[in-house]
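Below you'll find the structure, written out as C-alpha cells, and then a few comments.
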Amino acid sequence: MFLARVTGSVVSTHKVESMVGQKLLTVDPLRIDATLQATLKPLGRTFIAVDLVGAGEGQIVMIVQGSSARMTDETAKLPIDAAIIGLVNEVSAHGKEIYSSSTSA
Amino acid sequence: MFLARVTGSVVSTHKVESMVGQKLLTVDPLRIDATLQATLKPLGRTFIAVDLVGAGEGQIVMIVQGSSARMTDETAKLPIDAAIIGLVNEVSAHGKEIYSSSTSA
Amino acid sequence: MFLARVTGSVVSTHKVESMVGQKLLTVDPLRIDATLQATLKPLGRTFIAVDLVGAGEGQIVMIVQGSSARMTDETAKLPIDAAIIGLVNEVSAHGKEIYSSSTSA
Amino acid sequence: MFLARVTGSVVSTHKVESMVGQKLLTVDPLRIDATLQATLKPLGRTFIAVDLVGAGEGQIVMIVQGSSARMTDETAKLPIDAAIIGLVNEVSAHGKEIYSSSTSA
Amino acid sequence: MFLARVTGSVVSTHKVESMVGQKLLTVDPLRIDATLQATLKPLGRTFIAVDLVGAGEGQIVMIVQGSSARMTDETAKLPIDAAIIGLVNEVSAHGKEIYSSSTSA
C-alpha cells in the first residue's frame, strides 16, 4: 500500500456500467523525505482511486493497488486497480511523529 | 486507475484468436502538473488498451491496469492488462476545474 | 499491453519443467516519441516473453504482462508474466501512420 | 520480494473494516549498492506493509508485493498489496556478508 | 519475465511459516545494452527470488514476477512474487550471441 494526498476528483458519465456510482478521486503518492525523514513529499504522479472511506480533498489516505483493490464487498466485481481503504491519522518515522491529521492544515 | 489521452490506434491482424475484434488504442498516461496543479501533463509513455467505451483520438479517458482489466463481461477471458473504462468529462484539483471535455480542444 | 521490438532470444535448457518447449524472445518496449509523435522509440529495457504468434527478430509486437499472460490455452498453467499476443501491422498516432510492417526495414 | 528497512508506522482509525487490527509499518526498499556491492542502500521510496513477523523500526525485513501478500492465513481476505514476511538475519553478496542483524546498529 | 544475475543470498530465520526451507537469492535485473546491443548491463536494483533450479552466485537466470511466480507445484501456496525458473545458457540479440554460460566467467 502507499500513502497519498487526495488532490481532486474525476467525473466520467460515460463509463463501464459497473463503475456507475463509484466516487473517483485523484491522489498523489507520498514518500517520507529521505534526507530529513521528517516530512511527507509528493511523488508528482496522479492515480485515480475509488474512495471507500469518505475521503476529502487534501486528506492523507492509504491506497491499495492491483487485484487487492477488489478485496472488499463493495469492489469485489469492479474493474478497478486502486482504492482508498483508510484515512491516515498519524505517520511516525525514525522515532518522531511526522504527520498528524489533527495538527495538519 | 490513471488518466490518459488517446493518441492513436494499433492494427494487428495476426494475433491470439481471442483478441480478434478488439479495438486497440494507444494511450499516453497523464498526471496533474505538480507545480501549477492546473493542467494535465503527459508522461510520454505509450500503452495499448482495449476500448470499452467508444473512445476517440485526443479524448481524455480512464484506464484500469492488470488483472482488473478483465473484470467486465467483454474482457473476462481476454489476455489483456489494460482497458479504457470511462470517458472523462471533468478533472478538478485543488478546488479548481482543470479539465473539461466540453471546453477542451 | 505495450508495443515492443523483438531483439533476440534466450536459451535455457535447465528450467522449470512446464516451461520446456516454450519459445523465449527478448523484447524492448517502445513508446511513441513524445516530441515529434511520428516515430516509435525504444525504452532500452529488456523483457523475456513467451511467443504465441511466431514473431521474429526485428518485428514490432504487442505484449501482455502479468497474470493476463496466462489467459490463453497454451499459457494457462505456465509461470509466465509476459507473452507476445500479436504481430503489429500498423501504428497510427495523431492522425498519421507512424509505423507499417509492410514499409519498415 | 524485496529487502527493506522499517522506517515507522501508520495510524488509521477510519478504515475498511477488514483492516482493523492490522499492524501497518512504513518501509523503505533497499538495494545492494551497485558500485561497491558491499552495502545496502535505500531507494528513498515509502510503502506501507502489513507486519506478519513482529518487525520493529530500523530492522531489515523481506517484503512480498501484489496478490501474493494475501497468500497467508492472516491476510487471505485483506485488501493489501504488501506484507512483511520475514526478519532478515543476513545478506551475502559477491562472496561477502554485507549485512548481519547481529552486528548492525 | 526478465534476465538477472544472481548476486547473493538472504538468511531469514524468523519468517512466515510457509517460507521455511525456501532458498532465497538476491538478483540484479539485466538489460541488453541499448547502444552497442552486445552486452548485458545490470539495472542496479535488488530483488529476492525463490530459487527453483539450483542457481548459484554469478549465474544468469530467468525470473518470473507477480502471481505467476506461484504457478509451479512448489510455490503454489507461497507468499512470493518472484521465482527463478531457468538457468540461462545463451542470449542472442541482433543476430549475435551476446552471452553464453559456457564462455562467461
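Values for this structure:
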{"quantity": "Over segment A:44-105, equivalent-ellipsoid semi-axes from the Cα gyration tensor in Å", "calculated": "25, 12, 11"}
{"quantity": "Spatially near lysine pairs across chain E, Cα under 26 Å, sequence gap of 8 or more or different chains", "calculated": "5"}
{"quantity": "Hydrodynamic radius of chain C per Kirkwood, over alpha carbon pairs, in Å", "calculated": "14.5"}
{"quantity": "Of all chain B residues, the one whose C-beta is nearest the axis that brings B onto A, in angstrom", "calculated": "B:Ser67, 4"}
{"quantity": "Residues D:Ser101, C:Ser12 arranged by fewest to most Cβ contacts within 10 Å", "calculated": "D:Ser101, C:Ser12"}
{"quantity": "Per-residue mean of C-beta atoms belonging to partner chains within 10 Å, peptide B:43-49", "calculated": "6"}
{"quantity": "For B:Gly56, inter-copy label distances in nm, listed shortest first [label point 7 Å out on the Cα-Cβ vector]", "calculated": "3.9, 4.0, 6.4, 6.4"}
{"quantity": "DSSP beta bridge pairing in segment B:2-100, given as percent antiparallel to the nearest 5", "calculated": "95"}
{"quantity": "Total formal charge among the other residues, if their Cβ is under 12 angstrom from that of A:Ile63, Lys/Arg +1 and Asp/Glu -1", "calculated": "-1"}
{"quantity": "Local net charge near B:Leu40, Cβ-Cβ under 10 Å (Lys/Arg +1, Asp/Glu -1)", "calculated": "+2"}
{"quantity": "Label 7 Å beyond Cα on the Cβ vector: D:Val20 copy-to-copy distances, nm", "calculated": "3.3, 3.3, 5.3, 5.3"}
{"quantity": "Residues whose placed amide H lies under 5 Å from that of C:Ile98, excluding near-sequence neighbours", "calculated": "C:Val91, C:Ser92, C:Ala93"}
{"quantity": "Sites excluded, GluC sites (Glu not before Pro) in DSSP loops with at most 16 other C-beta within 10 Å, longest stretch of chain B", "calculated": "B:1-56"}
{"quantity": "Rounded, prolate or oblate (a/c below 1.5 giving rounded, otherwise prolate when a/b exceeds b/c) for segment C:27-73 by Cα gyration tensor", "calculated": "prolate"}
{"quantity": "The protein assembly as shown, Cα convex hull volume normalised per residue, Å³", "calculated": "147"}
{"quantity": "Inter-copy label distances at B:Ser104 (7 Å, Cα→Cβ; nm, one decimal)", "calculated": "2.8, 2.8, 4.5, 4.5"}
{"quantity": "Shielding by partners, peptide B:88-97 (average Cβ within 10 angstrom, other chains)", "calculated": "6"}
{"quantity": "Contour excess over end-to-end distance, with Cα ends at C:Thr13 and C:Ser100 and 0.36 nm allotted per residue", "calculated": "27.8 nm"}
{"quantity": "10 Å Cβ neighbours from other chains, averaged over peptide A:23-34", "calculated": "4"}
{"quantity": "GNM flexibility winner over chain E from E:Asp73, E:Asp51, E:Asp81 (Cα, springs under 10 Å)", "calculated": "E:Asp73"}
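Readers should treat all values here as calculations from the given coordinates under stated rules, not as data from a laboratory. Predicted model only: the values in this text are computed from it and were never measured. In this analysis, Cβ positions are derived from the backbone assuming ideal geometry, glycine residues included, and neighbour counts consider all displayed protein chains.
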